[in-house]
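Worksheet for the structure shown next.
Derivation of every value follows stated rules applied to the coordinates shown; laboratory data play no part. Keep in mind the model is a prediction, meaning the values are calculated, not measured. Ideal geometry is used to build each Cβ from the backbone, glycine not excepted, and the neighbour counts take in all protein chains shown.
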Amino acid sequence: MRRARLGRTGMMAKPITCRETTYLVIGARDEPLSSSEIDALAEHLKTCSHCQVANKQFSQLFAQLDTLLARDVKP
Ligand SMILES: [Zn+2]
């Protein structure tokens, strides 16, 4: 079933790794994810408790960053 070769995977959301999940979570801050990326992300988070925790911590960290940056920008 598994193919090493990368190619068009069709409409199915392909499984992603923990590292890719992290990239998507971080990348989502800069630009909105595509629907297939959101699907893949949600699919991975469903099964990976490690990334669920990481995802939560990232959003907390980002919220803190936003607060800090906003404080820095405003006089
Ligand atoms: Zn994971």
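Roughly speaking, what is the stretch gain from Ser35 to Ala70, that is 0.36 nm per residue apart minus the C-alpha to C-alpha distance, in nm to one decimal? Provide the component values of the computation, followed by the final result.
Working: separation 35, 0.36 × 35 = 12.60 nm, distance 2.92 nm.
Stretched fully, the Ser35-Ala70 segment lengthens by 9.7 nm.
Stokes-Einstein D for the range 18-73 at 20 °C, 1.002 mPa s, Kirkwood Rh over Cα pairs, in µm²/s? The diffusion coefficient I find is 179 µm²/s. The charge dipole of the range 18-73, taken about its Cα centre with unit charges on the Cβ atoms of Lys, Arg (+1), Asp and Glu (-1) only, comes to about 260 debye.
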